[in-house]
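Note sheet for the following structure.
Each value in this text was obtained by applying a stated rule to the coordinates, not by laboratory testing. Predicted, not measured: the structure shown is a model, and the values here were computed from it. Neighbour counts run over all protein chains shown; Cβ positions are idealised from the backbone, glycine included.
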Amino acid sequence: MKALVHTAPLKFEYREVPVPSFGDDEVLVRVKAVAICGSDVHGYTGTTGRRIPPIIMGHEAAGVVESTGRNVKNVTSGDRVTFDSTVYCNQCPACRQGRVNLCVNRKVLGVSTPTFHQEGAMAEYAVVPWWIIYPLPDAVSFEEAALIEPASVGLHAARLTPIDVNDVVAVVGAGQIGLFVMQGARVKGAGKIVVLDAKEERLVLSRSLGADVTINPSRSDVTGEMTRHLGRPDADAVLEAVGTEATVTLALGLTKQGGNITLIGNITPRIQVSLQDFVLRELTIRGSCAVAGEYRAALDLLASGRIQAKPLISRVMPLSEGQEAFDALHRGEPGLIKIVLQP
Ligand SMILES: [Zn+2]
Ligand SMILES: [Zn+2]
């Protein structure tokens, strides 16, 4: 089969590799669409230590079941499917509690670290265990389904965050994840949604996806804008989808006294924040990692149109042009949110 193999920092080779073999509990999927995640772009620079070459990346994908191992009962050849990015063990205490994103044996598709190596879906075929696979509703295209993973990440963060009916919710960062976090907060009952990003084009996209107020913190005074639009300078809950010192500080400052802040982004490994900002104001801070059971909800919400993925797809390109696609994202070409590759 053809695969996009990451061979060295900033480099891919589109080349012939063997079709992967699969075991009794595994499913061979013919990949129809695979999206490039921000973590893939970060990873291909060689600085994260989570895409150690050679590796076939790709953890946001959809396709058609080609064959199944003998223990597989939930899908059959020809089914349109998508799958979780996390290959969890389904046996450890965290998995048994349904907290599969915290599985102690967790591997991520298309990720290689010093402790594990799991080939991903930037290839004609991918192998996944049956318990992470989900049939696609007819209304959801393969390209949209390739965005189910980030959509589920957004829903997971919204689910963990206490959001009451009609609350003001602020989302810091309108990238691939922030745009789904924002839609997840709406599904959860937020009254007014404020989106903050330094890129104007992303704010425009946020408004088209239902943001009530958008603020560019690099151009305007955030509390002034909040007060002008909402009659108050702060939000009941803030979700942070970038992960730098500046954006976390912004998020802390936006959270009301006694409010909740959920951190999803983690670009900068270590940051400094003001302890008094959250101790004296009694904020509740929580982390949100990946997905734990939100796939089915994300598929239903996408099928019914209550969450939209299509507006986030900036380009669809053949897998053979993967190098160009990664380079364009790495350069930060204006207007690019998500690129979907087709094997
Ligand atoms: Zn991802
Ligand atoms: Zn587990």
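Quick look at the values:
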{"read-out": "Output for region 58-87, where each listed residue is within 16 Å of ligand 1 (Cβ to nearest atom) and in contact with an Asp or Glu (Cβ under 6 Å, 6 or more places away or on another chain)", "value": "Glu60, Ser85"}
{"read-out": "Candidate set: region 39-91, residues that are within 22 Å of Ile267 (Cα to Cα) and of a type in the set (S, T, N, Q); chosen: the one farthest from ligand 2 (Cβ to nearest atom)", "value": "Thr45"}
{"read-out": "Selection count, region 133-162, where residues are part of a loop (DSSP other than H, G, I, E, B) and surrounded by 24 or more Cβ atoms within 10 Å (Cβ to Cβ)", "value": "3"}
{"read-out": "Verdict on Arg30 being more than 15 Å from ligand 1 (Cβ to nearest atom) and not in a loop (DSSP other than H, G, I, E, B)", "value": "yes"}
{"read-out": "Residues within region 227-249 that are outside any strand (DSSP E or B), closer than 20 Å to Ala190 by Cβ and within 27 Å of the chain's Cα centre (by Cα), tallied", "value": "4"}
{"read-out": "Condition check for Ser77: among the hydroxyl-bearing types (Ser, Thr, Tyr) and in contact with a strand residue (DSSP E or B) (Cβ under 7 Å, 6 or more places away or on another chain)", "value": "yes"}
{"read-out": "Subset of region 184-203 (residues that are not in a strand (DSSP E or B) and not charged (D, E, K, R))", "value": "Gly184, Ala185, Val187, Gly189, Ala190, Gly191, Ala198, Leu203"}
{"read-out": "Single residue of region 92-103 satisfying the filter (part of a loop (DSSP other than H, G, I, E, B) and near ligand 2 (Cβ under 6 Å from one of its atoms)) that is nearest to Tyr295 (Cα to Cα)", "value": "Cys103"}
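Every residue, every condition in (1) touching a residue at least 60 places away in the same chain (Cβ under 8 Å); (2) under 30 Å from Gly98 (Cα atoms), yes or no:
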| position | (1), (2) |
| --- | --- |
| Arg228 | no, no |
| Ala251 | yes, yes |
| Leu263 | no, yes |
| Arg286 | yes, yes |
| Ala292 | yes, yes |
| Pro318 | no, no |
